[in-house]
Each structure stands twice: as C-alpha cells, then as structure tokens.
Amino acid sequence: MNKTPVSILQEMMMKRKIVPNYELTYDGGGTHDNTFTYQVSCDGLVATGTGRCKKDAKHEAAKMMLETIAAHRAYPQLPASPAPSPVKKPLITEVIVSPKRTQFVNAVGALTALCADNNLQPPDYEEVSDIGPPHARIFTYRCRVSTFKEEGIATTKKQAKHEAARKMLEKIQDVVEDLQQSDEVNLYKEEKLLQQSLADEKAADRYATLTKLPQKKINLGVKMENYHRYLKMSFNEGTTRIDILNKVRDFDEFIKEVGNEITEEVVDELRRKICDLLRPLNMAYCSRVMETKFSKKCLVLVEISTNPDIAEVGVADVKHEAEWNGIKKILYVLSCLLS
C-alpha cells in the first residue's frame with residue numbers, strides 16, 4: 001500500500017523524535033473557487049503547499065517538505081503521491097497570501113487607544129464557545145466595553161478576538177462622533193446664552209442711565225380735554241407748548257432723513273434727543289423688550305412717564321429696529337396731544 005507524503009514525513013521525523021508542525025496560513029477566502037495553503041516546519045526547514053481542499057494542501061506541504069529534505073540532504077527523489085484529489089482547474093503554484101493579512105488593521109490596539117483617549121474602561125475579552133471537529137474548529141469571542149457587547153467568530157482564537165474588537169471599535173467610534181456633535185450643539189447653545197446675558201447686562205446698564213431722570217409725573221386729571229392745560233403748567237418758565245411741538249416735528253424730519261438705514265447708533269441718537277426734549281417736561285423715557293410665545297418678531301415697549309403713561313409697542317426683526325418703530329408711534333401720539 002502506497003503511503004501519503006504526510007505519513008512518510010511523519011515516520012521520517014519520528015525516527016528523529018521530531019513532530020512536523022502544520023499551520024493553515026490561508027483558509028480559502030470564502031469564494032466559489034477556494035484554495036487553501038498549509039505551511040509545515042520541522043528539523044529547521046519550512047515548506048508550503050496549496051490545494052483545493054485542506055487535505056490536498058496539507059499533503060502538498062508535506063510533499064514539498066520531503067523534496068526540500070531530499071534536496072538539502074542529497075536523498076533520492078520520492079515517488080509520486082498516490083490518488084490525488086480530482087482537480088477541475090490548474091492550481092496556483094505560488095504561495096497565496098490572504099487579503100486579510102495584507103490589509104490587516106490591529107483592531108485590538110486601536111480599540112484600546114480609543115478607550116484611553118475618551119476615558120473609557122479598557123476592553124474586556126472573553127471566549128464564549130469552541131465548537132467543531134479538531135481540523136475545523138470555530139471560536140467565538142466576546143468583547144465588552146462598559147455596557148456595550150460585541151462578538152466575533154472565526155477559525156482561530158486570534159481572528160475571533162480581532163473580529164470582536166473590530167465590531168466594538170466601529171460602535172464606539174459612532175458613539176464618540178455622536179457625543180462630539182452633541183458637544184458642538186451644547187457649545188453653540190452656551191455661546192448664545194452668553195451673548196444673551198451680555199445683551200441683558202448692557203440693557204440693564206442703559207436702563208439705569210436713562211432712568212436717572214426726574215420721576216415726577218404729570219397729573220392729566222380725569223378728563224383728557226384738560227391735558228393741554230396740565231401739560232403747559234409742567235413746562236419751565238419760558239417754554240411753550242408750541243416750542244415742544246416744533247421740536248417733536250423736527251424729529252419727523254430726522255426720521256425721514258434716516259429712511260431705511262436704521263442702525264443702533266441712529267436709534268441711540270434719537271433716544272438721546274427725546275430724553276433732552278422730555279427733561280424740561282419732568283418726563284422720563286423708558287424702553288424694554290417684551291417676551292411673547294406667539295411671534296418670532298422682537299417686541300419693544302416704549303413709554304413716557306406721564307400720568308397715565310403714554311406707551312406704544314414697536315415690532316421688527318431686531319431690537320433696535322423695533323425700538324425705532326415704537327419711538328415713531330410715541331412721537332405721533334405726543335404730537336397729537338400737543339396740537
């Protein structure tokens with residue numbers, strides 16, 4: 001009975017008290033045209049064999065080792081291997097390198113580094129199962145990071161561990177990216193709140209300055225027809241209703257000159273002029289933003305401290321334009337009352 005190269009090599013090495021070491025270096029790639037590669041090492045020599053199945057690849061590796069030993073020690077050539085497996089296509093004679101090995105990424109190391117960079121606990125690996133016959137074992141490894149779990153399945157423990165690490169790496173990266181986006185949104189909200197706070201402080205300072213005016217209010221009485229008489233009595237000596245009315249009308253000319261070019265500086269100038277007008281009348285000017293849930297527009301309440309107060313609301317997209325519109329309404333009302 002003819003012996004196979006594997007048995008011949010085994011018997012040869014047993015005489016030297018050496019056991020040949022076979023290692024599957026390529027597992028077929030998962031295509032319809034699979035090829036397998038085995039590497040055998042013994043007595044300081046290494047040989048590789050390729051076949052359509054693992055058995056053929058192992059026999060081919062043993063045959064190549066026997067030829068290597070024969071060439072190395074000047075032995076006679078060995079007989080051909082008996083009953084080779086049927087081959088549908090010519091085999092590739094060169095050593096096949098797995099694509100996974102050429103594009104290998106150390107997922108275990110990358111996952112450990114990612115956890116350290118984001119202050120997460122180190123990954124924990126656990127062997128879940130080891131099933132299958134000795135020549136085709138299937139290993140399952142579980143990777144755990146915090147409350148996340150991922151499993152990897154492969155024909156070797158190392159590959160199963162790396163597969164679990166790769167899946168966990170992808171999941172952790174997605175979570176970290178979501179957290180970074182969330183941090184950017186929170187940072188934007190904090191900046192908006194800071195800007196609003198600064199604006200409130202500026203408004204509070206301006207309000208304190210504007211309210212440092214005489215707080216004496218004009219008593220308009222019960223009947224509005226007496227308004228002009230009480231208003232005239234509040235004027236300083238030498239100031240007439242016509243003088244005040246003319247100054248109010250001068251504001252109309254200023255407003256027409258400005259047109260649509262309304263800036264914060266222009267509104268500040270108009271506000272200052274109104275305060276200068278109201279000071280001799282013992283009146284105070286005040287404006288404040290009104291909160292509303294029913295409009296995206298900015299509402300500003302503009303008041304003059306008569307008794308009762310004259311108040312108008314200005315509406316616009318921004319605060320200074322809304323205050324500008326409120327001042328125009330106040331000037332119109334004041335002009336009507338003084339006419």
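Residues that are in a loop (DSSP other than H, G, I, E, B) and within 20 Å of residue 262 (Cβ to Cβ) were ranked within the range 302-339; the one that is modelled with the highest pLDDT is 318. Return a yes/no flag: does the range 132-144 have any residue that is surrounded by fewer than 18 Cβ atoms within 10 Å (Cβ to Cβ), hydroxyl-bearing (Ser, Thr, Tyr) and in contact (Cβ under 8 Å) with a residue 12 or more places away in the chain. Within the range 132-144 (the criterion being surrounded by fewer than 18 Cβ atoms within 10 Å (Cβ to Cβ), hydroxyl-bearing (Ser, Thr, Tyr) and in contact (Cβ under 8 Å) with a residue 12 or more places away in the chain), the answer is no, since none of the residues qualifies.
Among the criteria (1) touching a residue at least 40 places away in the same chain (Cβ under 8 Å); (2) under 27 Å from residue 200 (Cβ atoms), the one residue 255 does not fulfil is (2).
Just one of the listed residues (299, 277) is in a strand (DSSP E or B), of a type outside the set (Gly, Ala, Ser) and either buried (at least 17 other Cβ atoms within 10 Å of the Cβ) or in contact with a Leu (Cβ under 7 Å, 6 or more places away or on another chain) (or both), and it is 299. For residue 240, the requirement of being at pLDDT below 70 and either closer than 17 Å to residue 319 by Cβ or not assigned by TED's automatic domain parsing to the domain that holds residue 304 (or both) is not met. Kindly provide the set of residues from the range 121-158 that are of a type in the set (Ser, Thr, Tyr) and in a loop (DSSP other than H, G, I, E, B), ordered by number. Residues satisfying the conditions are 146, 147, 155, 156.
Of the residues making up the range 280-296, those that are exposed (fewer than 15 other Cβ atoms within 10 Å of the Cβ) and either of a type outside the set (Gly, Ala, Ser) or not assigned by TED's automatic domain parsing to the domain that holds residue 318 (or both) are 288, 290, 291, 292, 293, 294, 296.
Checking the structure you have, find out if any residue of the range 138-148 is modelled with pLDDT of 90 or more, in contact with a Pro (Cβ under 6 Å, 6 or more places away or on another chain) and on the phi < 0 side of the Ramachandran plot. Within the range 138-148, one or more residues are modelled with pLDDT of 90 or more, in contact with a Pro (Cβ under 6 Å, 6 or more places away or on another chain) and on the phi < 0 side of the Ramachandran plot. Entry remark, the range 248-274: residues being among the β-branched types (Val, Ile, Thr), more than 50 Å from the chain's Cα centre (by Cα) and surrounded by fewer than 16 Cβ atoms within 10 Å (Cβ to Cβ) number 0 in total.
Going through (1) farther than 29 Å from residue 4 by Cβ; (2) modelled with pLDDT under 90 one by one, residue 123 falls short only on (2). Within the bounds of the range 57-80, is there any residue that is modelled with pLDDT of 80 or more and either exposed (fewer than 10 other Cβ atoms within 10 Å of the Cβ) or of a type in the set (Lys, Arg) (or both)? Yes, the range 57-80 has at least one match.
The values are calculated or read from the model by the stated rules, or taken from the named source; none is laboratory data. If you're wondering where the values come from, they're calculated on a predicted model, not measured in any experiment. Backbone-built Cβ (ideal geometry, glycine too); neighbour counts: all protein chains shown.
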